[in-house]
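The values are calculated or read from the model by the stated rules, or taken from the named source; none is laboratory data. Bear in mind the structure is a predicted one, so any value in this text is a computation, not a measurement. For neighbour counting, all protein chains shown are included, and Cβ atoms are generated from backbone atoms with ideal geometry for every residue, glycine included.
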Amino acid sequence: MSRTTRLDDLDLAILRELQQECRTPLQEVAESVGAPTSTVHYRLKRLERANIIEGYYAKLNPEKLQNEYITVIRLQVELSPGYYESIGEELAQIPGVWGVYLILGDFDFLVMTRSKGRKEFMDIINQVLEIKGIKRSSTSVVAKVIKEDPRLELNEIGDFA
């Protein structure tokens, strides 16, 4: 398969349906998007092979799982060749870290964590600060989640890498 995948209106409609509820039976998705079930099945397999669809997950309620202590950690690191890859990979391996972003500005990384409370968070931050090359950190605790939605807006038709 080529490096780019051309998405059309049908592909985007299928992806929108799956983002709403990925457990929807194939026949219902087909009816909703106005295409035969076999076409929708073929399109889904093509989108999976192209890694546009990377997996199917249950959306868990962090409050019900007592996992609602969210922090945002900004990190300044020592610059060296490949630093962002090695430090980023180490950060990503820490339990409780659910997002690692290389950023531009006064800090180099933005790290998102979720834990059961301050004690569990302190275990996370201690592991972060043990990573060689971390110079400075600044942490904010999320007081209230206003919006949190991992779904993507799908408005554009075109070629995607």
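Would you mind stating whether residue 108 is buried (at least 18 other Cβ atoms within 10 Å of the Cβ) and among the acidic types (Asp, Glu)?
On the way: buried (at least 18 other Cβ atoms within 10 Å of the Cβ): yes; among the acidic types (Asp, Glu): yes.
Here the answer is yes, as residue 108 does meet what is asked.
Among the numbered criteria (1) in contact (Cβ under 8 Å) with a residue 40 or more places away in the chain; (2) surrounded by 15 or more Cβ atoms within 10 Å (Cβ to Cβ); (3) assigned to a loop (DSSP other than H, G, I, E, B), which one does residue 87 miss?
Here residue 87 clears every test but (3).
Quick test of your reading of the structure: residue 100 fulfils all but one of (1) in contact with a helix residue (DSSP H, G or I) (Cβ under 9 Å, 6 or more places away or on another chain); (2) outside any strand (DSSP E or B); (3) modelled with pLDDT of 90 or more. Name the failing condition by number.
(2)
Checking the conditions here, which among 64, 59, 45 is touching a Pro at 6+ places or on another chain (Cβ under 9 Å) and either over 30 Å from residue 145 (Cβ atoms) or not hydrophobic (A, V, I, L, M, F, W, C) (or both)?
Working: 64 fails: touching a Pro at 6+ places or on another chain (Cβ under 9 Å); 45 fails: touching a Pro at 6+ places or on another chain (Cβ under 9 Å).
Of the residues listed, the single one that is touching a Pro at 6+ places or on another chain (Cβ under 9 Å) and either over 30 Å from residue 145 (Cβ atoms) or not hydrophobic (A, V, I, L, M, F, W, C) (or both) is 59.
Taking interchain pairs and intrachain pairs at least six residues apart, which have beta carbon atoms under 9 angstrom, with the first residue in the stretch 40-66 and within 14 Å of residue 14 (Cβ to Cβ) and the second part of a loop (DSSP other than H, G, I, E, B) and among the β-branched types (Val, Ile, Thr)?
So the pair list comes out as 44/53; 46/52; 47/53; 50/4.
Take the conditions touching a residue at least 40 places away in the same chain (Cβ under 8 Å) and small (Gly, Ala, Ser) and apply them to residue 92. Does it pass? It would help to see each step written out before you state the result.
Values: touching a residue at least 40 places away in the same chain (Cβ under 8 Å): no; small (Gly, Ala, Ser): yes.
Against the criterion (touching a residue at least 40 places away in the same chain (Cβ under 8 Å) and small (Gly, Ala, Ser)), residue 92 does not qualify.
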